[in-house]
1. Scan the range 89-105 and report the pairs whose first residue is among the aromatic types (Phe, Trp, Tyr) and whose second residue is open to solvent by 40 Å² or more (accessible area, probe 1.4 Å), with Cβ atoms within less than 7 Å and a gap of 6+ or a chain change.
2. If GLY147 passes every condition in (1) within 22 Å of VAL69 (Cα to Cα); (2) open to solvent by 60 Å² or more (accessible area, probe 1.4 Å) but one, which one does it miss?
3. I'd like the full set of residues that are farther than 30 Å from LEU106 by Cβ and among the hydroxyl-bearing types (Ser, Thr, Tyr), limited to the range 136-194.
4. Scan the range 120-131 and give yes if some residue there is among the aliphatic types (A, V, I, L, M) and either part of a helix (DSSP H, G or I) or without any contact (Cβ under 8 Å) to a residue 12 or more places away in the chain (or both), otherwise no.
5. For the range 104-115, give me the residue count where each residue is buried (at least 18 other Cβ atoms within 10 Å of the Cβ) and closer than 11 Å to PHE141 by Cβ.
6. Can you find a residue in the range 150-160 that is hydrophobic (A, V, I, L, M, F, W, C), under 17 Å from the mean Cα position of the chain (by Cα), over 18 Å from THR32 (Cα atoms) and surrounded by fewer than 22 Cβ atoms within 10 Å (Cβ to Cβ)?
7. Restricting attention to the range 182-194, and to residues there that are on the phi < 0 side of the Ramachandran plot and open to solvent by 100 Å² or more (accessible area, probe 1.4 Å), which single residue is modelled with the lowest pLDDT?
Amino acid sequence: MGNLDKNLMSESEIKDIFIKTGAILHGHFLLTSGLHSDTYIEKFSVLKHPKFTEILCKEMAKRYINDNVELVIGPMTGGILLAHEVGKALNTEAIFCERENGKMTLKRGFEIQKNQRVLIVEDIVTTGGSIKEVVEVVKSFGGNIIGIVMLVNRSGKELIFDGVKSKALLNLNVSTYKADECELCKKNTPLTKRGRTGK
């Protein structure tokens, strides 16, 4: 298992990494889910730093160090880096899902063995739509999902997927709005599309 220790970083220490890298943005953002929000987490502001990516992924791995993980999987794009680093920390294989004709699937010769113990990783979660799709992919192969871990849960609540509880390094309660009910739109605050800082 490499040099993983059992001491877990606190949420405040995790949040400091996001703040230090400028990953927590404030404004008026359109999220992947279609919701609007006053806060956006730019994951690649963190993930572009291999040092911080390694630290965070080791923290994700520590939460499942005693669960006999056999395979780590994440959704493209951020999940590729996370699965690789978490897999390295747990000494397992790491693969990723990607979309083909709008449907999440395994390509590139990737496969999941029946009853293989699988850990799902994800970066920033609001509604968990991508995780639900990965869960379906794993189950379609007969894999055994033993855990779901994410960098940031920004839903403000505990997330459970098909009976499996998820864990997050950082939990944030961030305001989100449906497009037709958005308080920021009512104030004519300029909208920034997801993934762009506007700079």
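1. Hits for this filter: PHE96/MET76; PHE96/ILE80.
2. Only one criterion is unmet by GLY147, namely (2).
3. Passing the criteria: SER175, THR176, TYR177, THR189, THR192.
4. Checked the range 120-131: at least one residue is among the aliphatic types (A, V, I, L, M) and either part of a helix (DSSP H, G or I) or without any contact (Cβ under 8 Å) to a residue 12 or more places away in the chain (or both).
5. Within the range 104-115, residues that are buried (at least 18 other Cβ atoms within 10 Å of the Cβ) and closer than 11 Å to PHE141 by Cβ number 2.
6. Within the range 150-160 (the criterion being hydrophobic (A, V, I, L, M, F, W, C), under 17 Å from the mean Cα position of the chain (by Cα), over 18 Å from THR32 (Cα atoms) and surrounded by fewer than 22 Cβ atoms within 10 Å (Cβ to Cβ)), the answer is yes, since at least one residue qualifies.
7. Among those residues, the one meeting the criterion is ARG194.
Matching residues to (1) more than 19 Å from CYS57 (Cβ to Cβ); (2) at pLDDT 95 or above; (3) open to solvent by less than 40 Å² (accessible area, probe 1.4 Å); (4) not acidic (Asp, Glu):
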{"site": "LEU119", "(1), (2), (3), (4)": "no, yes, yes, yes"}
{"site": "ASP123", "(1), (2), (3), (4)": "no, no, yes, no"}
{"site": "GLY128", "(1), (2), (3), (4)": "yes, no, yes, yes"}
{"site": "LYS132", "(1), (2), (3), (4)": "yes, no, no, yes"}
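The values are calculated or read from the model by the stated rules, or taken from the named source; none is laboratory data. Because the structure is a prediction, the values reported are computed rather than measured. Quick reminder, even Gly has a Cβ in these numbers, built from the backbone with ideal geometry, and neighbours come from all protein chains shown. Surface areas here come from the heavy atoms of the whole protein model, side chains and all, with no ligands, DNA or RNA. Shrake-Rupley method; radii C 1.70, N 1.55, O 1.52, S 1.80 Å.
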